[in-house]
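Input: a single structure, listed below in structure tokens.
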Amino acid sequence: MAKILAVDDDKAILVLIQNILRRDQHHIDILKTVQGHPHDKFQGYDLILLDVMMPDIDGFELCKQIRPFVDCPILFLTAKTEEEAIVKGLITGGDDYITKPFGVKELSARVNAHLRREGREKHQSKRVISGFVFHFDSKEVFIKNHSLNLTKNEYTICEFLALHKGRTFSREQIYEEVYGINGDALYSTITEFIRTIRKKCKEHGVDPIKTVWGVGYKWE
């Protein structure tokens, strides 16, 4: 069973896609509009079906925006059959296209073919969380195309809190993540790390780490 996202401004098309792919035991999320949704909304899927002609954003442009953070196959749903349009879609990062109107067997076959092809192990080296771009390989965090220039421990705290966005952790829990259970630093160092992280973030007009008084800290 795969996790699939379908994006189309036509509700009837979305219902049709749901019905077809649920028969193949896939989990289907749908979006009728992408307006107001951050790029990390598109992460975590095994395949994305993306309509080309949408009122709020061109499907090709959306693909171009999310492709740096999404490594799953992106299939365009399009009524356009012109070669130029198809080539444009593939250049922006799309993997394939399905021409509307499509049949039940065609959609099922094309989707499942790409899922089989994607059976290789994935490695996610980049992810957007609350507008911050985390580069897991280089241990860097960027906001508005600017590096936060975090120390190793500051980065560890940011990654830990961001990957558990919305969950509150005590200073002791964060300490264990940074130093392990046998660390010999003072717990107060976590408070200082949080302070310097916030200072660096505020230089760019953001402050993602919130204090939950009497409990700890969380990433919003």
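The values are calculated or read from the model by the stated rules, or taken from the named source; none is laboratory data. Treat the numbers as computed from the prediction; the structure is a model and nothing was measured. When we count neighbours, we look across all protein chains shown, and the Cβ atoms used for this are built from the backbone with ideal geometry, even at glycine. All accessible areas refer to the heavy atoms of the entire protein, side chains included, with ligands and DNA or RNA removed. Shrake-Rupley method; radii C 1.70, N 1.55, O 1.52, S 1.80 Å.
Conditions tested, residue by residue: (1) over 26 Å from GLY131 (Cα atoms); (2) assigned to a loop (DSSP other than H, G, I, E, B).
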site: LEU16; (1), (2): yes, no
site: ASN19; (1), (2): yes, no
site: ASP24; (1), (2): yes, yes
site: LYS41; (1), (2): no, no
site: TYR45; (1), (2): no, yes
site: LEU49; (1), (2): no, no
site: PRO55; (1), (2): no, yes
site: PHE60; (1), (2): no, no
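When only residues in the stretch 74-95 that are in a helix (DSSP H, G or I) and among the acidic types (Asp, Glu) count, which is nearest to GLY131 (Cα to Cα)? Once the filter is applied, the top-ranked residue is GLU84. With respect to GLU192, is the statement that it is farther than 24 Å from GLY44 by Cβ and open to solvent by 50 Å² or more (accessible area, probe 1.4 Å) true? In short, yes. Being in a loop (DSSP other than H, G, I, E, B), open to solvent by 60 Å² or more (accessible area, probe 1.4 Å) and hydrophobic (A, V, I, L, M, F, W, C) is the filter here, so list the residues in the stretch 159-185 that pass it. Within the stretch 159-185, ILE181 is the sole residue that qualifies. Each residue in the stretch 96-133 was checked for being at pLDDT 80 or above, assigned to a loop (DSSP other than H, G, I, E, B) and open to solvent by 70 Å² or more (accessible area, probe 1.4 Å), and 1 of them qualify.
Just one of (1) open to solvent by 30 Å² or more (accessible area, probe 1.4 Å); (2) farther than 20 Å from ASP10 by Cβ; (3) of a type outside the set (A, V, I, L, M) fails for GLU61. It is (2).
Within the stretch 137-158, the residues that satisfy the criterion of being in contact with a strand residue (DSSP E or B) (Cβ under 7 Å, 6 or more places away or on another chain) and in a loop (DSSP other than H, G, I, E, B) are LEU148, LEU150. Of all the criteria given as (1) part of a helix (DSSP H, G or I); (2) touching a His at 6+ places or on another chain (Cβ under 9 Å); (3) among the acidic types (Asp, Glu), the one not satisfied by ASP71 is (1). When you look at LEU90, is it among the hydrophobic types (A, V, I, L, M, F, W, C), at negative phi and modelled with pLDDT under 85, yes or no? Against the criterion (among the hydrophobic types (A, V, I, L, M, F, W, C), at negative phi and modelled with pLDDT under 85), LEU90 qualifies. The selection criterion, being open to solvent by less than 70 Å² (accessible area, probe 1.4 Å) and either without any contact (Cβ under 8 Å) to a residue 24 or more places away in the chain or at positive phi (or both), does not hold for ILE4.
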